[in-house]
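First the structure, in the form of structure tokens, and then the observations on it.
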Amino acid sequence: DFGNGITDNELLYLNDTASPGYNWQAPSGTINGFPAQVQGQIIDTGLTVSIAGNTFTNVIHTQINVEYNVGSGFQTPYATFDYYVAKKVGIIKIVANFPTIPYESEINLVSYSIQ
């Protein structure tokens, strides 16, 4: 539960075997009681990204648009999330954009440990 009327949501954010340009669509619970869906795309692969003094290689950049249907079909994104995922580490960066508010936020990995 994300709060603010966003419930039972799953965000499919990565297909690590797909190539840039690959798209997908998946149901994603509800937003304010209305059906939601995710439109996703692999933006790029094989990136090198530096965050908090760490350099990550083999990074995949994906983008998902969360849309909802208020009765006239799925609408312009409620939110857009850009994920940067490093192989053998996981999510290293998320950029969230809520165009209807408007609001943007960036979350970066601070530290990690591989065991």
Val85 being touching a residue at least 40 places away in the same chain (Cβ under 8 Å) and over 15 Å from the mean Cα position of the chain (by Cα)
no
Name the residues in the stretch 56-90 that are assigned to a loop (DSSP other than H, G, I, E, B) and among the aliphatic types (A, V, I, L, M), would you?
Val70, Val89
Where a residue in the stretch 50-76 is buried (at least 18 other Cβ atoms within 10 Å of the Cβ) and its partner, wherever it lies, is of a type in the set (D, E, K, R) and part of a loop (DSSP other than H, G, I, E, B), with Cβ under 9 Å and at least six apart
Phe56/Lys87; Val59/Lys87; Ile60/Asp16; Ile60/Lys87
Determine if the stretch 58-73 includes at least one residue that is touching a strand residue (DSSP E or B) at 6+ places or on another chain (Cβ under 9 Å), among the charged types (D, E, K, R), at pLDDT 90 or above and farther than 17 Å from Glu106 by Cα.
no
So Lys93 ticks every box in (1) in a loop (DSSP other than H, G, I, E, B); (2) open to solvent by less than 50 Å² (accessible area, probe 1.4 Å); (3) of a type in the set (Lys, Arg) but one. Which box is left unticked?
(1)
Could you tell me which numbered condition Leu47 fails, if it satisfies all but one of (1) crowded, with 16+ Cβ neighbours inside 10 Å; (2) part of a strand (DSSP E or B)?
(1)
Restricting attention to the stretch 15-37, which residues are open to solvent by 80 Å² or more (accessible area, probe 1.4 Å), in a loop (DSSP other than H, G, I, E, B) and under 22 Å from Val59 (Cβ atoms)?
Asp16, Thr17, Tyr22
Quick one: Leu11 ticks every box in (1) at pLDDT below 95; (2) within 13 Å of the chain's Cα centre (by Cα); (3) in a strand (DSSP E or B); (4) surrounded by 15 or more Cβ atoms within 10 Å (Cβ to Cβ) bar one, so which box is it?
(3)
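The values are calculated or read from the model by the stated rules, or taken from the named source; none is laboratory data. Just so it is clear, the model here is predicted, and its values are computed rather than measured. Cβ sites come from the backbone with ideal geometry, for glycine too, and all protein chains shown count toward neighbours. Heavy atoms of the whole protein, side chains included, go into the accessibility calculation; ligands, DNA and RNA do not. Shrake-Rupley method; radii C 1.70, N 1.55, O 1.52, S 1.80 Å.
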